[in-house]
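Written out below as structure tokens is the structure these notes cover.
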């Protein structure tokens, strides 16, 4: 399995079907497989947050969740085969769960969103088992109890819908305690599945403009954040391209 290094982060060069096959093998064998995803914003934030960098890099698989990362890999001469978005991977797991009877634990989002995701799963994938769920609003002192709750559920897959970097830190800290074969951070995917947030049309996804669609829905909260991270990402990729071209990287 090959990897592409972008801004100091090793990203697995895999297609989504390959990832889903790897997940099934891990579940069947009872092996641990933690999955991290990176987009342009996270790669930028990781440069200034060593703990986030360590937590993401410790994942067994690190995947490109964002067309900007795929395009950057091509510019840098280390092409990734395709984007593997967190939400598409989540839906793929649920579809496979419908066939193989995977057990899921849903962690994150608001209580009403968590409940709606459970209901949607039961409607769409009745053979996929929701072994437990918990909203994403908890204190540091509650983390160990939640980790034990997840362990007791005997889940095959833990989906973590919490914002970064809390998501990555929880996954890394409690990974061994929870004893779940597959741990996958899905960010805001629960909001989309519940219907609270609309996902960008497929054309905008292909053009790498999902971030713009999100800004259009929440401009006050997201406009400055994406302006900053997108600008820095372009700057950092430009520097890395120049360094590689000159043989200094």
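Specify which of the listed residues (73, 59, 34) is buried (at least 17 other Cβ atoms within 10 Å of the Cβ), in contact with a strand residue (DSSP E or B) (Cβ under 8 Å, 6 or more places away or on another chain), in a helix (DSSP H, G or I) and at negative phi.
On the way: 59 fails: in a helix (DSSP H, G or I); 34 fails: in a helix (DSSP H, G or I).
The unique qualifying residue is 73.
Looking at the stretch 219-231, I want the residues that are over 16 Å from residue 48 (Cβ atoms) and have a partner that is part of a helix (DSSP H, G or I) with Cβ atoms under 6 Å, at least 6 apart or on another chain. Which pairs are those? Final answer for the pair search is 222/214; 222/215; 223/215; 226/211; 226/215. Close Cβ contacts (under 8 Å, 6 or more residues apart or on different chains) running from residues in the stretch 85-104 that are at positive phi and without any contact (Cβ under 8 Å) to a residue 40 or more places away in the chain to residues that are surrounded by 15 or more Cβ atoms within 10 Å (Cβ to Cβ) and assigned to a loop (DSSP other than H, G, I, E, B) comprise 101/128.
Looking at residue 93, is it over 23 Å from residue 228 (Cα atoms) and under 15 Å from the mean Cα position of the chain (by Cα)? Talk me through it step by step, then tell me what you get.
Details: over 23 Å from residue 228 (Cα atoms): yes; under 15 Å from the mean Cα position of the chain (by Cα): yes.
Considered against the rule, which asks whether it is over 23 Å from residue 228 (Cα atoms) and under 15 Å from the mean Cα position of the chain (by Cα), residue 93 comes out as yes.
Helices (runs of 4 or more DSSP H) fully within the stretch 137-228 that include at least 2 residues being exposed (fewer than 15 other Cβ atoms within 10 Å of the Cβ): 143-153, 166-178, 202-206, 210-217.
Every read-out reported here was derived from the displayed coordinates using simple, explicitly stated rules and does not represent laboratory data. It should be emphasised that the depicted structure is a prediction, and the values quoted were computed from it without experimental measurement. Glycine also receives a Cβ, built like all others from the backbone with ideal geometry; neighbour counts cover every protein chain displayed.
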